[in-house]
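The values are calculated or read from the model by the stated rules, or taken from the named source; none is laboratory data. This structure is a prediction, so every number in the text was calculated from the model and none was measured. Because the Cβ atoms are built from the backbone with ideal geometry, glycine has one as well, and the counts that use them run over all protein chains shown. For accessibility, only protein heavy atoms count, side chains too; no ligands or nucleic acids. Shrake-Rupley method; radii C 1.70, N 1.55, O 1.52, S 1.80 Å.
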Amino acid sequence: MSFNSIKEENLPENWNVINLEDSGITIEDGDRGSNYPKKGELLKEGYSIFLSTNNLINDKIDLTDAEFITKEKHEILRKGKLQENDIVLTTRGNGVGKVGLFSKDLPYKIGRINSGLVIIRNNNLLFDTKYLYYLLKSPIMKEQYASLKSGSAQPQLPIRDIKKLRLIVPPIEVQRKIVNIVRPIEEKMDLNKKLNSTLKEFAQAIYKHWFIDFEYPNENGRPYKSDGGKFVEGKLGFIPQDWNVSSIYDVADVIYGAPYSSKLFNETRDGLPLIRIRDLKTANPNFYTLEKHKKGTVVNPGDLLVGMDAEFKPTIWNGVQGYMNQRVCMFRPNKEYVHKYYIYELIKPYMEYFEHAKSGTTVIHLGKSDIDSIKIVLPHKNILAKYFYLLEPIYTQLIKNYEEKQILEKIRNTLVPKILSGEVCITVAKEEVEVGECLQKSN
């Protein structure tokens with residue numbers, strides 16, 4: 001369902017389509033003057049969040065890697081001050097058209113936006129703010145952002161073009177019912193995300209207990225170290241006596257992405273998604289390809305990927321099946337008793353070390369020689385097998401939740417355009433809402 005397929009005459013009665021500039025909505029960009037925060041003024045903690053395009057992931061505000069500014073810097077900036085229920089929209093770079101809601105549920109209440117965002121503030125009674133947020137992140141609007149943006153090397157969506165956006169305006173009571181339909185889907189997606197966070201914390205705690213603290217169960221089922229387990233000194237420090245220092249290749253094969261032709265990329269979802277470095281964080285690839293590369297590797301949910309430029313963070317892939325692009329690599333267990341999550345935790349400190357060691361250069365790169373240099377402490381086969389069977393149900397549930405999130409996202413992204421196009425009707429009667437097929441309107 002695209003915006004171009006929506007005809008105003010097919011919309012339900014009392015629905016309108018207007019330009020954003022005629023809606024009474026305020027658009028405000030960030031401060032770009034001499035007071036704009038320099039790189040050295042951005043902090044890991046501070047008085048005010050300084051929101052950037054990196055904080056918008058899957059059309060939600062994610063503050064995992066947030067940066068802050070001081071109170072003094074916050075107060076000297078003239079523009080871009082965030083208020084509760086402001087909607088933010090990215091206007092620059094490859095992420096043009098990402099949307100987020102600065103809601104009361106966020107842990108920070110004071111903030112400014114950087115120059116790659118604009119604030120869209122609903123300050124009239126024409127729109128329900130949550131409806132406006134759902135509308136602005138719908139596929140209908142994504143199509144408009146793509147058609148209005150300009151530039152290839154550095155795409156832009158200037159305010160003059162944002163004002164041209166066409167907004168579908170149902171009656172306010174219908175907007176609220178649409179929110180009531182979409183909200184449970186989003187809440188379920190959020191619940192899955194929280195559950196997966198808990199599962200990963202649990203899995204991480206088990207890994208630390210077994211392989212860092214050496215409290216894995218011994219032959220009597222008691223914690224090895226606490227029960228008097230013996231250690232020997234090796235090249236990587238003291239390790240259990242029946243463990244060895246080995247190569248990463250003794251537990252994993254490393255597979256490198258293929259150089260797919262950018263000329264064959266498409267945004268019409270033909271073929272399989274192409275998984276690039278930037279997609280590792282969002283799990284929502286933008287480009288697809290029909291190319292059958294002879295060195296191509298298919299990525300499935302749960303596979304372990306690492307980006308090889310700028311950031312080397314290991315990622316458990318939680319998107320749909322796709323092709324692995326160049327400068328992304330996969331760590332795949334090469335023994336049936338070695339678990340993917342074991343390798344995930346195993347390589348994390350090495351990737352962090354490589355990333356920090358290379359931070360002096362303009363753009364850092366992870367090379368095969370770096371991976372070749374990884375030396376690991378290799379537990380006994382029986383320990384790895386026991387760990388596998390302990391972790392497998394946790395990991396299976398993690399992937400199941402990822403896949404359910406994809407299904408829910410597809411339902412949301414299909415349902416909203418159908419409602420807004422008039423293809424699916426909602427009937428409001430007292431406190432009830434019915435969703436069903438619309439009758440064709442007679443001319």
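Summary table
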{"read-out": "Yes/no for residue 335 being more than 16 Å from the chain's Cα centre (by Cα), over 29 Å from residue 212 (Cβ atoms) and surrounded by fewer than 21 Cβ atoms within 10 Å (Cβ to Cβ)", "value": "no"}
{"read-out": "Total residues in the range 323-377, condition hydroxyl-bearing (Ser, Thr, Tyr) and under 27 Å from residue 200 (Cα atoms)", "value": "7"}
{"read-out": "Output for the range 266-283, where each listed residue is without any contact (Cβ under 8 Å) to a residue 60 or more places away in the chain and under 15 Å from residue 306 (Cβ atoms)", "value": "275, 276, 277, 279, 280"}
{"read-out": "Of the criteria (1) farther than 20 Å from residue 395 by Cβ; (2) among the aromatic types (Phe, Trp, Tyr); (3) crowded, with 17+ Cβ neighbours inside 10 Å; (4) without any contact (Cβ under 8 Å) to a residue 60 or more places away in the chain, which one residue 344 fails", "value": "(1)"}
{"read-out": "Residue list for the range 92-102, filter: open to solvent by less than 60 Å² (accessible area, probe 1.4 Å) and either closer than 23 Å to residue 46 by Cβ or in contact with a strand residue (DSSP E or B) (Cβ under 8 Å, 6 or more places away or on another chain) (or both)", "value": "95, 96, 97, 98, 99, 100, 101, 102"}
{"read-out": "Test: residue in the range 394-402 that is out of contact with any Cys (no Cβ under 7 Å at 6 or more places or on another chain) and closer than 16 Å to residue 337 by Cβ", "value": "yes"}
{"read-out": "Count of the range 286-314 residues which are surrounded by fewer than 17 Cβ atoms within 10 Å (Cβ to Cβ), of a type in the set (A, V, I, L, M) and touching a His at 6+ places or on another chain (Cβ under 9 Å)", "value": "1"}
{"read-out": "Within the range 85-131, tally of residues that are over 19 Å from the mean Cα position of the chain (by Cα) and under 20 Å from residue 23 (Cα atoms)", "value": "16"}
{"read-out": "Single residue of 258, 283 found to be open to solvent by less than 70 Å² (accessible area, probe 1.4 Å) and more than 30 Å from residue 101 (Cβ to Cβ)", "value": "258"}
{"read-out": "Identity of the residue in the range 224-255, more than 26 Å from residue 305 (Cβ to Cβ) and among the polar types (S, T, N, Q), that ends up most open to solvent (accessible area, probe 1.4 Å)", "value": "241"}
{"read-out": "Any pair with Cβ under 9 angstrom, 6 or more apart, that starts in the range 108-136 at a residue that is closer than 19 Å to residue 183 by Cα and of a type in the set (Asp, Glu) and ends at one that is open to solvent by less than 40 Å² (accessible area, probe 1.4 Å) and in a loop (DSSP other than H, G, I, E, B)", "value": "128/122"}
{"read-out": "Strands (runs of 3 or more DSSP E) contained entirely in the range 1-91, each with at least 2 residues that are open to solvent by less than 30 Å² (accessible area, probe 1.4 Å) and touching a residue at least 24 places away in the same chain (Cβ under 8 Å)", "value": "48-51, 86-90"}
{"read-out": "Number of positions in the range 1-31 that are on the phi < 0 side of the Ramachandran plot and modelled with pLDDT of 85 or more", "value": "16"}
{"read-out": "Selection status of residue 172, over 17 Å from residue 88 (Cα atoms), of a type outside the set (D, E, K, R) and without any contact (Cβ under 8 Å) to a residue 60 or more places away in the chain", "value": "yes"}
{"read-out": "Of all residues making up the range 85-102, the number that are in contact with a Ser or Thr (Cβ under 7 Å, 6 or more places away or on another chain) and more than 15 Å from residue 30 (Cα to Cα)", "value": "6"}
{"read-out": "Pairs, first in contact (Cβ under 8 Å) with a residue 40 or more places away in the chain and within 13 Å of residue 383 (Cα to Cα) in the range 220-244, second open to solvent by 70 Å² or more (accessible area, probe 1.4 Å) and not β-branched (Val, Ile, Thr), C-beta under 6 Å, six or more apart", "value": "242/380"}
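A quick yes/no check of all residues on (1) surrounded by 14 or more Cβ atoms within 10 Å (Cβ to Cβ); (2) at pLDDT below 95; (3) under 30 Å from the mean Cα position of the chain (by Cα):
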residue	(1), (2), (3)
372	no, no, yes
377	yes, no, no
381	no, no, no
384	yes, no, no
388	yes, no, yes
394	yes, no, yes
401	yes, no, yes
409	yes, yes, yes
414	no, yes, yes
